[in-house]
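Notes to accompany the following structure.
Every number here is computed from the coordinates shown, using simple stated rules; none is lab data. Since the model is a prediction, treat every value here as computed from it, not as a measurement. All Cβ positions, glycine included, derive from the backbone under ideal geometry; neighbour counts span all protein chains shown.
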Amino acid sequence: MVVVFLLFLLGGWKVIKGAPAPISKEIYVNPKGGDGVFTKIQDAIDQGISETNNKWVLIHVATGVYTTCSINVTGYGYITTQKRVLPDLGGGYVFKLCQVNGIGPTYLGRAYGPYSRVLYYKCKLSGIIDPKGWDAWQFQGKESQLTYAEVGCEGDGANTTQRVPWEKSLSQDQVNSMINASFIDKEGWIGNQPIIL
């Protein structure tokens with residue numbers, strides 16, 4: 001059995017509340033690739049972790065905008081655990097036009113840093129979502145610093161009437177800034193890429 005402690009979940013494996021023991025290995029996932037980096041979370045699990053592993057593995061996943069992805073949850077846990085340590089740092093997770101299905105209950109996310117930021121935008125959320133939606137985890141009492149929001153979502157899990165009271169209501173300008181490429185292109189690196197013909 002592969003035991004994985006994830007910073008972010010996008011696949012069919014079990015998420016467990018926090019690693020109870022020291023982490024034995026760290027793996028990095030970045031859709032843009034790079035030296036020693038997996039481009040898909042499932043590949044990081046399949047190729048980076050032995051089938052006989054019984055130790056905790058921490059998988060770091062690049063922040064960004066994830067569009068039309070399918071998130072399959074296989075048990076109690078958190079879909080995201082985003083970390084942002086300063087309010088002026090960029091980053092966060094945005095799920096745009098995605099579907100969340102599987103077996104729950106599961107939270108949409110929990111804070112892994114004091115300024116965590118996650119947005120679900122026009123996603124279809126199945127009934128596996130815990131009605132509270134979010135968990136401040138070790139940042140209870142500092143919830144005003146967290147940015148957790150849902151905009152235009154639908155499905156049985158999109159009912160926000162029982163969500164935590166500190167879930168954010170974002171302005172349209174805030175939503176627009178998070179759902180486009182500028183959210184992950186603060187330094188302008190996307191526009192500086194060579195054109196491939």
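So, by mean Cβ neighbours within 10 angstrom, what's the order for 116-126, 75-85, 133-143, 43-53 with the highest one leading? Spell out each step's value before the answer.
Details: 116-126: 22.6, 75-85: 20.9, 133-143: 16.0, 43-53: 14.3.
Most protected by this proxy first, the peptides run 116-126, 75-85, 133-143, 43-53.
In straight-distance terms, cross-link reach from LYS96 covers every one of the aspartates and glutamates whose alpha-carbon lies under 14 Å from its own, apart from those fewer than eight places away in the same chain; here that gives GLU150, GLU154.
Please compute the length gained on full extension between ASP88 and TRP166, using 0.36 nm multiplied by the number of residues separating them and subtracting their Cα-Cα distance.
Details: separation 78, 0.36 × 78 = 28.08 nm, distance 2.00 nm.
Using 0.36 nm per residue and subtracting the Cα-Cα distance, I get 26.1 nm.
Greater than 20 Å separation of Cα atoms is the criterion. Which listed pairs, LYS40/LYS124; LYS83/LYS122; LYS32/LYS124; LYS83/LYS168; LYS55/LYS132, meet it? Beyond 20 Å between Cα atoms: LYS40/LYS124; LYS83/LYS122; LYS32/LYS124; LYS55/LYS132. With the simple spin-label model, which puts each label point 7 Å out from Cα in the Cβ direction, the GLU51 to THR39 separation comes to 2.6 nm. Which of rounded, prolate or oblate describes region 61-103 when judged by the alpha-carbon gyration tensor and an a/c cut-off of 1.5? Verdict is oblate for region 61-103.
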